[in-house]
Every structure is written in C-alpha cells, then in structure tokens.
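Notes for the one structure printed next.
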Amino acid sequence: MSRAEVAEVPPKTGAPAGAAAARVPGRWSAALLRSELSITFRRWRTLALLGVLAAVPILFGIAVKVETADGGSVGGGGGGEEAGPAFIAQVTNNGLFLVFTALAATLPFFLPMAVGVIAGDSIAGEANGGTLRYLLVAPAGRTRLLLAKYATTMIFCLVATLVVALSALAVGALLFPMGELTTISGTRISFAEGLQRAVVIAALVAASLIGVAAIGLFLSTLTSSGIAAMATTVGLLITVQILDQIPQLHAIQPYFFSHYWLSFADLMREPVIWDEIVKNLGLQALYAAVFGSAAWARFTTKDITT
C-alpha cells in the first residue's frame, strides 16, 4: 500500500460522524485493494514473471513449427495426465490447441511457482521491508489487509493464466491454421465453440491455483523473510508434485492440491466429463478455506514488531 494512501486525510469534519464511520470500511477496503494491485503489477519481479510465462507458448509454438517443418511428428496421447501430449499432437492442425498445450505445460510448475512467489512475499515482504507495522496504523485493520493481499494474489492468478492463453493464441494464429477442432473424443466442433471452451479452460486453470495462493499466504504470515516464504511455498509445490507421482501413495494422492490440475482436459471431450473438474474445484475451495483461516488466525494474533 502506498504511503500516500496510508496518510490519507479522514472524511471532512462537516459530515455526520455515523455516515463517515459507515463509509470508512468500504472506502479503505477499495483503496487498499487498488494500492496492492498497483504495487504488485508495477514491480519488476512481477513483470519478469509474466514475461517468462508469455515466452513459454512462443517457445512451444516455434519448437512445434520447426519439428514439423523438418518432417518430424509430435507425440500423441489422451486423458487428464497426458493432456500436454494429446493437445500438442493437434497443434499443427489447429493453432488453438497451442492454448491448451501451453496451459498444460505451465500449470504443473511455472504458473504455481509464479503464484507462490507473489503469495509468499505478500505479508512477509512487508514485514521484511519494515512497512507492515506502518500499514496496520491505517484503519483498514489486519483482516482487511489480509483479504486485500489474498485478492491481489487471486487476481494475479487470473492475469498470469490469461497471459499464457493470449500469448499462445497469438502464436498459434500466426504459425498454424485456425478452424474447426477435433476433440480428444474424435468429434468435430466449431472454432467458436473451441474458443469458448478455451476461455472456460483458462478460468479453470486460474481457479486451480487458489490452493497454492492460500498456502503461500499462510506461510507468509509465519515469517518475516519474504525469500523464506517464497522458497518454502515453491519447495512444497515441488515436493507435492513428486509425491503425486509415487504409485505407493495412491491412497492419499487425491487430497494433494495438484492432483486434479490437468482435469481441464476433459473439457475437450465430447460429451464433457465433469467429475474430476468438480473434484478439483472442491479441493481448491477446501485448501482455500483451511489455509485462509489459518492465515487469518495467525495474522490477527501475531505480534507485529516490524
């Protein structure tokens, strides 16, 4: 939050005290969120993360174009865990599949890593910089500050996902033909319907990052080191991804926040299979509730010294 907004002058004394008090919570919540968004998206670190995410579809598109130009073929496959191979096999026939391929490629690591960096630094970064105590002097309060930080992280999830999708769409349209799509089930759908499904898939990918954002926010309340919170969040992400690949842990794998991430591939079936998509959304909501509550409990009782 900017120092100017923290020091913002209270409502004019001529206004009724009750009306002024009623306006303060909403006004400070909106101002706080605007300030957090402005600061987050103007940081060079955030812009660098978005730049890397935008570059991934470009590299994928060029690689596929070069591979097919040399007479090679791209791999095939199908199903949730093989969403990437299933989509990349279709890229040369329709550039819209580059959107699905890029999202499948960035979701396991690049997207959640970027979210982990933003979420992990949200509270700990303020404490490390000595501005957290100053922020809490404002009438926004700890709960509103925490909600503003989480909302900012969630907006970053959506923006990051859209950056990947739009970059892939532009590169796909530039390098490959566009038109009717063949679904994973082998049926044909129009380009307009395929584009609609791409929008829904992008929204599902953004929603899949809700759990990581809540975990990162919670870890950020446990330390005064932004780097430590970011590293712990990313380390946990990598650990869970590894554990999710060990067959002996199949009994607990459905409870890992990343287990159903690639279920969005079922939207490219005909008819659409919703079972794992619904499970994924429910699991993300559960993680958000548990770790969001833990973050609130920790932050509202924490002794702020910096």
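The values are calculated or read from the model by the stated rules, or taken from the named source; none is laboratory data. It should be emphasised that the depicted structure is a prediction, and the values quoted were computed from it without experimental measurement. Here the Cβ is made from the backbone with ideal geometry for all residues, glycine too, and neighbour counts use every protein chain on show. Surface accessibility is based on the protein's heavy atoms, side chains included, excluding ligands, DNA and RNA. Shrake-Rupley method; radii C 1.70, N 1.55, O 1.52, S 1.80 Å.
Structure above, values below:
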{"item": "Failed item in (1) open to solvent by 50 Å² or more (accessible area, probe 1.4 Å); (2) farther than 30 Å from Thr183 by Cβ; (3) modelled with pLDDT under 95, with Pro247 passing the rest", "result": "(2)"}
{"item": "Residue match in region 272-294 (condition: of a type in the set (Phe, Trp, Tyr) and over 23 Å from Ala151 (Cα atoms))", "result": "yes"}
{"item": "Condition met for Ala285 (open to solvent by 40 Å² or more (accessible area, probe 1.4 Å) and at pLDDT 95 or above)", "result": "yes"}
{"item": "Out of Ala265, Ala289, Ala285, Ala294, sole residue that is touching a helix residue (DSSP H, G or I) at 6+ places or on another chain (Cβ under 6 Å), small (Gly, Ala, Ser) and under 20 Å from Ala206 (Cβ atoms)", "result": "Ala265"}
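Residues are listed down the side, and each one gets a yes or a no for (1) touching a helix residue (DSSP H, G or I) at 6+ places or on another chain (Cβ under 9 Å); (2) modelled with pLDDT under 95:
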position: Ser185; (1), (2): yes, yes
position: Ala192; (1), (2): no, yes
position: Leu195; (1), (2): yes, yes
position: Ala206; (1), (2): yes, no
position: Ala229; (1), (2): yes, yes
